[in-house]
Each structure stands twice: as structure tokens, then as C-alpha cells.
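Data block below; observations after.
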Amino acid sequence: MRSLGRFLSAAVTALLFSLSGTASAQTHVFIPQSSLPQPRDAAGTTMARTHLRILVPSATKSSFGTAAQPNELPPFPGYLFETPASLACVYRLVEVIVPGCNPNVTTTNPTGGNHAIALVDAYDDPTAVSDLATFSAQFDLPAGNLTVVFAQGTRPAQDKTGGWEIEESLDVQWAHAMAPEAKIFLVEAANNSFTNLFSAVVTASNLVAAAGGGEVSMSWGAAEFTEETEFDTYLTTPGVVYFASSGDSPGVQYPSASPYVVSAGGTTNSRNVNTGDLISQNTWQDAGSGASEVETRPTFQSGVAHVVHDARGTPDISFDANPSTGVWIFDTNAVLGTGWFVVGGTSVSSPSLSGIVNAAGSFHTSSQAENEELYTARASDFDDITYGDCGVNIGTFAAPGYDLCSGIGTVRTLHGK
């Protein structure tokens with residue numbers, strides 16, 4: 001484990017030992033404390049968790065470098081984790097398509113971006129701007145246009161576990177990766193209570209609306225609760241489309257279950273270990289999914305009533321989220337270490353899909369309008385995920401058309417054209 005060096009701190013390495021029992025040459029998925037179910041606070045307020053997982057690679061590999069002490073910087077042979085260019089290739093967001101979309105070969109990045117994307121998170125990431133600059137330079141992306149906003153008026157404290165900082169780097173960097181020209185707002189709530197996070201959603205919505213329209217992304221949630229419909233009213237600002245990650249464990253999370261969001265689910269990119277070529281897209285078993293026990297079926301899901309019945313079904317659309325086929329991010333983190341991380345979870349899906357829709361340049365006035373277009377679009381605009389399973393007891397299966405593992409599938413089109 002010590003050979004992982006600057007990839008993760010000694011604290012994380014020790015935790016991995018405690019989880020695995022022995023040091024092995026296998027990869028480990030580390031679930032940060034911020035992604036564990038959060039109990040309500042003393043006042044009974046619902047507390048959100050991130051939908052983030054971190055992949056720690058084989059101990060037989062060299063350590064990943066940092067900007068200050070470069071060793072091996074992504075992408076490089078031996079690892080097949082996704083880059084902005086490789087996923088632009090997989091999802092046909094660029095003109096130049098390299099057969100197999102190998103992350104170590106593909107270099108054509110997404111382009112475009114219009115108006116604004118706001119990422120809503122808890123706590124403060126003090127190095128968000130500089131970390132985005134490092135990420136952009138490494139992957140040959142344009143410099144980011146990022147503004148950090150404190151939703152409650154003053155700078156929040158930092159998350160003592162380090163998890164929300166990783167989340168914020170992920171959100172900012174992958175929204176920018178998919179829509180490099182968009183204006184990005186990182187709206188930081190004082191903590192992870194729904195009260196403060198939804199206050200931050202209001203701030204984010206106003207910023208996006210004032211910029212001419214765009215998206216608000218929420219890569220967090222909680223298990224459903226009876227009062228959740230009271231928060232739906234926060235997701236109705238005209239000119240704003242809301243994305244919410246569906247979760248990183250079987251079952252339904254809120255706000256992903258809201259009919260006023262695009263629910264962003266997760267898939268797996270299976271690659272040939274020898275060639276690096278994409279073999280197939282299939283389900284990610286741990287992605288949040290299912291039929292809501294609180295929210296009723298929205299109009300845009302009338303055509304899939306045979307699947308969701310009378311309930312709001314999640315997700316609507318998906319993106320690569322399996323940490324074993326995860327994406328690169330850069331983070332300066334006092335708790336978890338500084339350097340390059342491989343991350344997964346549907347926390348990848350929400351900002352990335354927000355960026356893809358933003359770059360398409362056609363702005364809807366609501367999430368319902370965006371979903372109406374998704375559910376009635378040409379089949380050729382999407383890759384229908386038909387292999388794999390998911391859900392509680394792994395009792396749900398991918399199927400042709402809409403299913404509760406991946407929704408309508410993954411995007412397969414050049415900026416929606």
C-alpha cells in the first residue's frame with residue numbers, strides 16, 4: 001500500500017487495510033464518510049450524503065503524481081480510467097471517433113457550453129479554482145470560468161472528513177469537461193442539511209436564470225421520506241433544468257425521485273484489458289434506481305407506465321459511474337491526500353450530463369420539458385443498455401427500451417444533433 005504514495009494519504013491507506021484485512025494487489029473501492037447514510041440532526045433535519053466512491057488501484061502499480069511532484073500523470077498505459085476525451089468518444093460528442101475510444105489514445109475533447117451550470121454542494125473547497133486549473137491543463141481543456149459562491153453569505157467550514165471536497169472537485173471538473181465554454185458556479189452550503197442545501201439550490205437557480213438559463217446539478221441525496229414533496233417547490237425556477245444523481249446503492253434517493261429533476265443514473269464501461277477498447281456499456285449494480293414510494297408518476301413517464309406503474313421511476317438517463325471504470329479528477333485535500341483520484345458513483349453522472357445538455361445549446365424552461373424531450377427523442381440518440389442487472393436483491397434487469405437500471409440509456413449523439 002505504501003507504493004500508492006501521493007495518491008491517497010496514510011489515513012485512507014490505513015482504513016483500506018482495516019476494510020480488506022490484508023494488503024493485496026487488487027483494487028479497492030473506498031467509500032468516504034460523506035457517502036455513508038447520514039442520520040438526521042438533533043432538530044430532525046434530513047442530512048444529505050454524497051454519491052461518490054473512490055477507487056484505489058493495485059499496490060503493484062506506481063504512485064500517481066501531483067502537479068508539484070510529477071511521476072505518472074493521467075492518462076497513461078496500464079490504466080483504462082476515463083478522460084474527457086474518452087467519454088466524448090464513447091458518447092459521440094465529438095466529430096473524431098477513435099475506434100474503441102481507448103483513454104490512452106483518444107485526445108479529442110468535448111467543445112461548447114452556453115450560459116451557466118451551477119453545482120450545489122456542502123462545505124468549502126478552498127482550492128476548487130486551482131484544482132480545476134490543474135485538471136484542465138492536464139487534459140488540454142480550455143481554462144475554466146469558475147465562480148465560488150457562499151450560499152449562506154459567509155465561507156463555510158471545510159468538511160472534516162474530506163469527502164465533500166472530493167465531491168466539489170468532481171462536480172466542477174466534469175461539468176467543465178463536458179461543457180468547456182460554460183460559466184460554472186460552485187454554490188457552497190454551510191453544511192449538508194437539506195435546509196442549507198436547498199437554500200443553496202435557490203441561490204444556484206437564481207444565478208443560472210440570470211445568466212440566461214442552464215442547469216443546476218445536485219450530486220447528493222438521502223433515502224426517501226414522507227416530507228420530500230415539500231422540497232419540490234425549490235426545483236421550479238423558470239429557465240433552469242435540474243439534475244440529481246440517483247445514488248450509489250440500490251434503491252431510490254431524493255431529490256433524484258423528484259419529478260422536477262432529471263434523474264442521473266449510472267452505468268459501467270467494460271473495456272478489453274489488452275487493447276483498451278470499449279467492449280460494451282452495461283449496468284452498474286450499485287447505481288441508485290427504482291420506483292419512488294412517495295412521488296407519483298409524472299406525465300413524461302406516461303409512455304413507460306408499464307415499467308414504473310403509478311410511481312415516479314428513477315433514473316431517467318445514465319452515465320459511466322462504476323468506480324472500477326471511473327474518471328480522473330485532481331484534488332488538493334488535507335484529509336485524503338493531494339493528487340489524482342479515480343472516482344465513480346452517480347456523483348459523476350449529474351454534473352457530466354448537465355454539461356452535455358448545456359453544450360447542446362438548446363435550453364428548456366424546466367426539467368419536465370427536458371425529460372419530455374429525452375423520453376420522446378429518436379432511439380438513435382441513445383445507447384439502450386440491455387445487459388446487466390441492478391436494484392435491491394439485484395432483482396431488476398436491463399431490457400430494451402426504458403428500464404429501472406439505466407433509464408432510457410446513455411447519450412449517443414453529437415450535441416443533440
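Note down all Cβ pairs under 9 Å where the first residue falls in the stretch 248-267 and is within 15 Å of Trp284 (Cβ to Cβ), the second is assigned to a strand (DSSP E or B) and among the aromatic types (Phe, Trp, Tyr), and they're at least six residues apart or on different chains.
Gln253/Trp220; Ser263/Phe243; Ala264/Phe243; Ala264/Phe319; Gly265/Phe319; Gly266/Phe319; Thr267/Phe319
Just the residues that are among the aliphatic types (A, V, I, L, M) and surrounded by 24 or more Cβ atoms within 10 Å (Cβ to Cβ), please, taken from the stretch 119-131.
Within the stretch 119-131, Leu119, Val120, Ala122, Ala128 qualify.
Please determine, by comparing only the residues of the stretch 315-365 that are assigned to a loop (DSSP other than H, G, I, E, B) and at positive phi, which one is surrounded by the fewest Cβ atoms within 10 Å (Cβ to Cβ). Break it down stepwise before answering.
Our first condition is that a residue be assigned to a loop (DSSP other than H, G, I, E, B); within the stretch 315-365, this holds for 315-316, 321-322, 326, 332-338, 345, 361-365.
Remaining after also requiring at positive phi: 337, 345, 361.
Working: Gly337: 21, Gly345: 33, Gly361: 14.
Filtering first and then ranking leaves Gly361.
If we scan the stretch 151-165, do we find a residue that is among the polar types (S, T, N, Q), touching a Phe, Trp or Tyr at 6+ places or on another chain (Cβ under 9 Å) and either surrounded by 22 or more Cβ atoms within 10 Å (Cβ to Cβ) or modelled with pLDDT of 95 or more (or both)? Please lay out each step first, then the result.
To start, the set of residues in the stretch 151-165 that are among the polar types (S, T, N, Q) comprises 152, 154, 158, 161.
Filter again for touching a Phe, Trp or Tyr at 6+ places or on another chain (Cβ under 9 Å), leaving 158.
Next, only the ones that are either surrounded by 22 or more Cβ atoms within 10 Å (Cβ to Cβ) or modelled with pLDDT of 95 or more (or both) stay: 158.
Looking through the stretch 151-165, at least one residue is among the polar types (S, T, N, Q), touching a Phe, Trp or Tyr at 6+ places or on another chain (Cβ under 9 Å) and either surrounded by 22 or more Cβ atoms within 10 Å (Cβ to Cβ) or modelled with pLDDT of 95 or more (or both).
Of all residues in the stretch 184-201, how many are over 19 Å from Lys160 (Cα atoms) and in a helix (DSSP H, G or I)?
Count: 5.
So which pairs qualify, if the first residue must be in the stretch 76-97 and assigned to a loop (DSSP other than H, G, I, E, B), the second must be among the aromatic types (Phe, Trp, Tyr) and at pLDDT 95 or above, the Cβ gap must be under 7 Å, and the two must be at least 6 apart or on different chains?
Pairs found: Phe81/Trp328; Thr83/Phe139; Thr83/Trp328.
Out of all the residues in the stretch 352-392, which are without any contact (Cβ under 8 Å) to a residue 60 or more places away in the chain and either under 19 Å from Asp248 (Cα atoms) or among the acidic types (Asp, Glu) (or both)?
Scanning the stretch 352-392 gives Glu373, Asp381, Asp384.
Considering only the stretch 303-313, state which residues are touching a helix residue (DSSP H, G or I) at 6+ places or on another chain (Cβ under 9 Å) and either without any contact (Cβ under 8 Å) to a residue 12 or more places away in the chain or within 26 Å of Gly355 (Cβ to Cβ) (or both).
Val304, Arg312, Gly313 - these are the residues of the stretch 303-313 that are touching a helix residue (DSSP H, G or I) at 6+ places or on another chain (Cβ under 9 Å) and either without any contact (Cβ under 8 Å) to a residue 12 or more places away in the chain or within 26 Å of Gly355 (Cβ to Cβ) (or both).
Out of the residues in the stretch 368-398 meeting the condition of being touching an Asp or Glu at 6+ places or on another chain (Cβ under 9 Å) and small (Gly, Ala, Ser), tell me which one is farthest from Gly113 (Cα to Cα).
Only one residue fits best here, namely Gly395.
Those residues that are more than 17 Å from the chain's Cα centre (by Cα) and among the β-branched types (Val, Ile, Thr), I need them from the stretch 276-301; list them, please.
Ile279, Val294, Thr296, Thr299 - these are the residues of the stretch 276-301 that are more than 17 Å from the chain's Cα centre (by Cα) and among the β-branched types (Val, Ile, Thr).
Among the numbered criteria (1) among the small types (Gly, Ala, Ser); (2) under 14 Å from Gly401 (Cα atoms); (3) more than 17 Å from the chain's Cα centre (by Cα), which single criterion is violated by Ala311?
Ala311 satisfies every listed condition except (2).
Scanning the stretch 139-150 for residues that are surrounded by 17 or more Cβ atoms within 10 Å (Cβ to Cβ) and not β-branched (Val, Ile, Thr), which turns out nearest to Val327 (Cα to Cα)?
Phe139
Taking the conditions exactly as written (small (Gly, Ala, Ser), more than 24 Å from Ile97 (Cα to Cα) and touching a His at 6+ places or on another chain (Cβ under 8 Å)), does Ser347 satisfy them or not?
yes
Assess whether Gly395 counts as being closer than 14 Å to Thr283 by Cβ, surrounded by fewer than 18 Cβ atoms within 10 Å (Cβ to Cβ) and either at pLDDT 95 or above or more than 19 Å from the chain's Cα centre (by Cα) (or both).
Yes: the conditions hold for Gly395.
If I filter the stretch 186-213 down to residues being small (Gly, Ala, Ser) and in contact with a His (Cβ under 8 Å, 6 or more places away or on another chain), which single residue comes out as surrounded by the most Cβ atoms within 10 Å (Cβ to Cβ)?
Of everything passing the filter in the stretch 186-213, Gly213 is surrounded by the most Cβ atoms within 10 Å (Cβ to Cβ).
Cβ-Cβ below 8 Å, separation at least six or inter-chain, first residue in the stretch 182-208 and in contact (Cβ under 8 Å) with a residue 24 or more places away in the chain and closer than 21 Å to Gly113 by Cβ, second among the polar types (S, T, N, Q) and part of a helix (DSSP H, G or I): which pairs?
Close Cβ pairs (under 8 Å, with a partner that is among the polar types (S, T, N, Q) and part of a helix (DSSP H, G or I)) amount to Ala182/Asn358; Val187/Thr203.
Within the stretch 239-247, can one find any residue that is more than 22 Å from Ser347 (Cα to Cα) and outside any strand (DSSP E or B)?
Yes, the stretch 239-247 has at least one match.
Picking from Ser205, Ser263, which residue would you name as being under 30 Å from Phe81 (Cα atoms) and polar (S, T, N, Q)?
Going through Ser205, Ser263 in turn, the sole match is Ser263.
Taking the conditions exactly as written (surrounded by fewer than 23 Cβ atoms within 10 Å (Cβ to Cβ), of a type in the set (Val, Ile, Thr) and touching a strand residue (DSSP E or B) at 6+ places or on another chain (Cβ under 9 Å)), does Val273 satisfy them or not?
Details: surrounded by fewer than 23 Cβ atoms within 10 Å (Cβ to Cβ): yes; of a type in the set (Val, Ile, Thr): yes; touching a strand residue (DSSP E or B) at 6+ places or on another chain (Cβ under 9 Å): no.
Here the answer is no, as Val273 does not meet what is asked.
The values are calculated or read from the model by the stated rules, or taken from the named source; none is laboratory data. Treat the numbers as computed from the prediction; the structure is a model and nothing was measured. A quick note on method: Cβ atoms are made from the backbone with ideal geometry, for glycine too, and the neighbour counts reach across all protein chains shown.
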